[in-house]
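Since the structure comes first, as structure tokens, the remarks are kept for the end.
Coordinate-derived values only; no laboratory data. Note that this is a predicted model, so its numbers are computed, not measured. No Cβ is skipped: glycine too gets one built from the backbone with ideal geometry, and neighbour counts run over all protein chains shown.
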2 protein chains.
Amino acid sequence: MSKVVCDLGVSVDGYVAGPDQSRENPLGEGGDRLHRWMFETPDENKAEIDEIVAAGAFVMGRNMFGPIRGEWDLDWRGWWGEEPPYHGPVFVLTHHPREPLPMKGGTTFTFVTDGIESALERAREAAGEGNVAIAGGASTVNQYLAAGLIDELRLHIAPVLLGAGERLFAGAPDLNLEQVSARSASLVTHIRYRIHA
Amino acid sequence: MSKVVCDLGVSVDGYVAGPDQSRENPLGEGGDRLHRWMFETPDENKAEIDEIVAAGAFVMGRNMFGPIRGEWDLDWRGWWGEEPPYHGPVFVLTHHPREPLPMKGGTTFTFVTDGIESALERAREAAGEGNVAIAGGASTVNQYLAAGLIDELRLHIAPVLLGAGERLFAGAPDLNLEQVSARSASLVTHIRYRIHA
């Protein structure tokens with residue numbers, strides 16, 4: 001059955017992004033170190049990467065799509081260049097309407113202004129039999145956790161201390177987590193939790 | 001060769017103790033949930049528990065030994081009853097001198113007033129060929145991390161969110177961590193890191 005999943009790269013000290021995030025440095029200082037395992041050791045982590053990419057649809061927060069506050073800068077087409085790595089429908093939470101934005105490689109960004117449940121419903125429809133991935137950032141994940149809408153949480157813990165930045169689970173509710181599995185590779189430990197009501 | 005190791009139980013959201021620590025509730029609200037794996041599933045986690053207990057000597061901070069501020073209350077003999085689980089020499093960092101306190105089962109608490117390096121040196125001598133364990137709490141661990149004196153860090157991540165409390169690595173320096181292994185059991189994921197200079 002289709003699930004709502006959430007993959008998060010996190011430092012040993014619990015940050016999903018470093019300090020001083022900016023348009024030039026969207027992951028903050030040192031934040032790129034969280035994702036070295038994907039780029040430097042993809043063969044070691046093929047199962048986890050394949051699973052991330054396999055989601056049928058994605059939901060992300062406004063800041064994950066772009067750094068613009070207020071009205072849209074229509075020249076902004078996301079952080080990922082003309083061919084984003086999603087290759088599927090991506091629903092972006094925002095207060096500011098915008099026409100859907102089709103990109104190369106099958107990614108289409110659709111902007112949803114009526115809340116997290118509506119975005120999830122649209123993503124579920126678009127995903128069909130596939131999973132829906134809550135792609136981030138942390139505040140979007142926390143909203144979905146608080147609403148009890150995530151079935152499975154997959155942490156990818158990098159052997160890195162960031163010391164400051166965006167905290168995982170800041171303000172999240174207590175959760176009934178069942179630990180399903182853990183696996184380590186040279187640059188990451190993957191842990192999978194099922195979330196029970 | 002003898003190593004300096006540190007085992008820490010931690011929540012998924014990065015706390016080593018819950019909020020509102022007190023004499024009645026030294027681990028803070030919900031903090032006992034971090035250690036369920038040791039008490040409820042010891043067979044599943046025998047290798048890790050044996051390794052913790054096998055240290056030749058221990059170092060701990062003043063607050064881990066007792067809640068008393070200022071001069072010693074000489075009636076205070078630690079949190080653990082008359083037979084503490086250490087079964088070996090334990091060096092307690094403090095500013096207040098006190099005579100050594102021998103307990104049942106081989107534990108002796110020795111109070112060290114001249115700093116973390118002195119405590120470690122005495123623990124190394126006492127441990128002989130065995131490892132020295134920095135037993136906590138978090139601020140003591142952070143002092144040893146900052147001084148570059150810990151060789152191996154072993155996190156025991158419980159599937160629990162505490163939401164507040166004592167943060168792991170608050171104020172710790174950046175560390176050059178090598179991930180050595182990870183293993184999951186039903187109530188915990190164990191991750192081992194080697195710390196390089």
Response to the item:
Among the residues of the range B:161-185, the number that are in a loop (DSSP other than H, G, I, E, B) and more than 7 Å from chain A (Cβ to nearest Cβ) is 6
Discussion item. When the residues of the range B:2-19 are narrowed to those that are among the aliphatic types (A, V, I, L, M) and in a strand (DSSP E or B), which ends up farthest from B:GLY165 (Cα to Cα)?
Written reply: B:VAL4
Worksheet item: Taking the stated definitions as given, is A:GLU152 within 16 Å of the chain's Cα centre (by Cα) and charged (D, E, K, R)?
Response: yes
Worksheet entry | Selection from the range A:60-83 of residues that are surrounded by 14 or more Cβ atoms within 10 Å (Cβ to Cβ) and in contact (Cβ under 8 Å) with a residue 40 or more places away in the chain | A:MET60, A:GLY61, A:ASN63, A:MET64, A:PHE65, A:PRO67
Response to the item:
Checked the range A:52-67 for anything under 19 Å from A:ALA138 (Cβ atoms) and either over 14 Å from the mean Cα position of the chain (by Cα) or of a type outside the set (A, V, I, L, M) (or both); matches are A:PHE58, A:GLY61, A:ARG62, A:ASN63, A:PHE65, A:GLY66, A:PRO67
Item to complete: Tell me which of these A:GLU29 doesn't satisfy, since it passes every other one: (1) surrounded by 16 or more Cβ atoms within 10 Å (Cβ to Cβ); (2) away from every other protein chain (no Cβ under 14 Å); (3) farther than 21 Å from B:TYR193 by Cα.
Response: (2)
Item to complete: Residue by residue through the range B:151-160, note down the ones that are more than 8 Å from chain A (Cβ to nearest Cβ) and either buried (at least 22 other Cβ atoms within 10 Å of the Cβ) or of a type outside the set (D, E, K, R) (or both).
Response: B:LEU153, B:HIS156, B:ALA158
Worksheet item: Of everything in the range B:1-17 that's within 11 Å of another protein chain (Cβ to nearest Cβ) and crowded, with 20+ Cβ neighbours inside 10 Å, which residue is nearest to B:LEU153 (Cα to Cα)?
Response: B:VAL10
Worksheet item: When the range A:186-197 is examined, which residues are found to be more than 7 Å from chain B (Cβ to nearest Cβ) and part of a strand (DSSP E or B)?
Response: A:VAL188, A:HIS190, A:ARG192, A:ARG194, A:ILE195, A:HIS196
